[in-house]
Amino acid sequence: MTISHSAIIGNSIRDACRHLNNQEVVAIPTETVYGLAGNALEDAAVIKIFEVKNRPSFDPLIVHCFDFKAFENYAFDISKAAENLYNAVGPGPVTYILNKKPIISDLVSSGLPTVGLRVPNHPLTLKLLRALPYPLAAPSANPFGYVSPTTAWHVNAQLGKKIPYILNGGACTIGIESTIVDFTQDVPVVLRLGGLAIEFLQSVLGESIVINTTSTSQPAAPGMLHSHYAPSKPLFLENKAAHFTTLEFETLGYLGFDKRHPQIPQSQQLLLSPNGDLSEAAKNLFAHLRAFENLPISGILAANIPERGLGRGINDRLRRAAFKST
Ligand code: TXA
Ligand code: MG
């Protein structure tokens, strides 16, 4: 079926199920960002996800399940550490990398022997997952390399013409993608900073966890390429940017944390959290980056965010968004 009109945006589990059962892809809400979901056990649906997203096939998909017990259907050797983390977090912004069972196809894992499993903490999507006899493969519902969507309207603006249905669960409460932890090594290895703070991970798993989010030509989490999460305008990091002249400041947008920029026009400034709250900042990050697209500016200057809690995940995304510009 070719879909040329905009997607239907609604909150019907039954409609979402119908499309998914027809091997269509449907956008779903999660607490982190919206996902572009398809039946993880059907190659036809998985291929469609890659096509709609224009995603390279070397970048594996996360498989969404309705509870931790379901992980046993898709992975071997689920470690005690993974179980401890799930007991502490429950459904939440963590993706568990585990050794995959053959039921997960190489298309989903991009040929890796592992699979990323996650239980998203969103009531509508948990209800959907409970209603389906299969788990949902879902990358973030944005064209590859672009900023992730945190509302149904963001999804519709970019992918609405390519998908039949967007399950509308409101604005995402966390706003940046899940923290990815690899549980197949001797110690847990964090592959992506995200919606669960490292400090919390350390309090549950101990200080020995390793953080390895560096990108190489064959990154462990291939989506963690240097240049990612990029808005279409160049983004400069305040602590790295060359000095701008007064005239240049007139043409820039400013993504501040809690303070405005003294030289950039007020109407071109957006603050992530006027009260300096890192969770609020994460929640606003992608929507603010999108809002700059419609302002008459030539580029975005982004403030340095405190490097703690969710601030680490925010800075990680800003660095990747800036990579093309520096
Ligand atoms: O919060 C999230 O995780 C969102 C929502 C929709 O669940 N999903 C998401 O998916 O961010 P995506 O595809 O945009 O990012 C998934 C990341 C990619 O960097 C991918 O390389 C990595 O997860 N990944 C998936 N499976 C992996 C595996 N077996 N080993 C290492 N990295 C993996
Ligand atoms: Mg993504």
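Things worth noting here:
- Taking a ≥ b ≥ c as the square roots of the eigenvalues of the Cα gyration tensor, an a/c ratio of 1.5 or more together with a/b larger than b/c marks region 31-106 as prolate.
- Helix axis angle, 80-89 relative to the chain longest principal axis, alpha carbon, degrees: 60 degrees
- Region 235-321, dipole about Cα centre (Lys/Arg Cβ +1, Asp/Glu Cβ -1), debye to the nearest 20: 260 debye
- Rounded to 5, percent antiparallel among DSSP beta bridges of the chain: 40 percent
- With a simple spin-label model that places each label point 7 Å from the Cα along the Cα-to-Cβ direction, the separation between residue 248 and residue 208 comes to 4.9 nm.
- Out-of-range pairs (alpha-carbon distance over 29 Å; input 127/233; 161/283; 101/127; 80/127; 53/101): 127/233
- Percent RCO, i.e. relative contact order, over the chain, from Cα pairs under 8 Å lying at least 6 residues apart: 20 percent
- Here residue 200 sits with roughly 80 square angstrom of accessible surface, probe radius 1.4 Å.
- For the chain, the Rg and Dmax computed from alpha carbons only, in angstrom: 19.4, 60
- Convex hull of Cα atoms in region 8-176, direction-averaged projection (nm²): 8.5 nm²
- Mean-square fluctuations from a GNM of the chain, with a 10 angstrom spring cutoff on Cα atoms, peak among 242, 287, 27 at 242.
- Relative compactness, region 235-321, computed as alpha-carbon Rg over 2.2 N^0.38 Å: 1.00
- Between helix 311-322 and the chain: long-axis angle, C-alpha atoms, 0 to 90°, nearest 10: 70 degrees
- Beta bridges per DSSP, both residues in region 8-176: antiparallel share near 65 percent.
- On Cα atoms only, tilt of 278-292 relative to the major axis of the chain in degrees: 70 degrees
- Once all protein chains are placed together, residue 177 keeps about 10 Å² accessible to a 1.4 angstrom probe.
- The order of the peptides 243-253, 262-272 by mean Cβ neighbours within 10 Å, most packed first, is 262-272, 243-253.
- For region 73-130: rounded, prolate or oblate by the Cα gyration tensor [a/c cutoff 1.5]: oblate
The values are calculated or read from the model by the stated rules, or taken from the named source; none is laboratory data. Here the structure is a predicted model, which is why all the values come from computation and not from measurement. Positions of Cβ are generated from backbone atoms using ideal geometry, with glycine treated the same way; all protein chains shown enter the neighbour counts. Note: accessible area is taken over every heavy atom of the protein model, side chains too, but ligands, DNA and RNA are not part of it. Shrake-Rupley method; radii C 1.70, N 1.55, O 1.52, S 1.80 Å.
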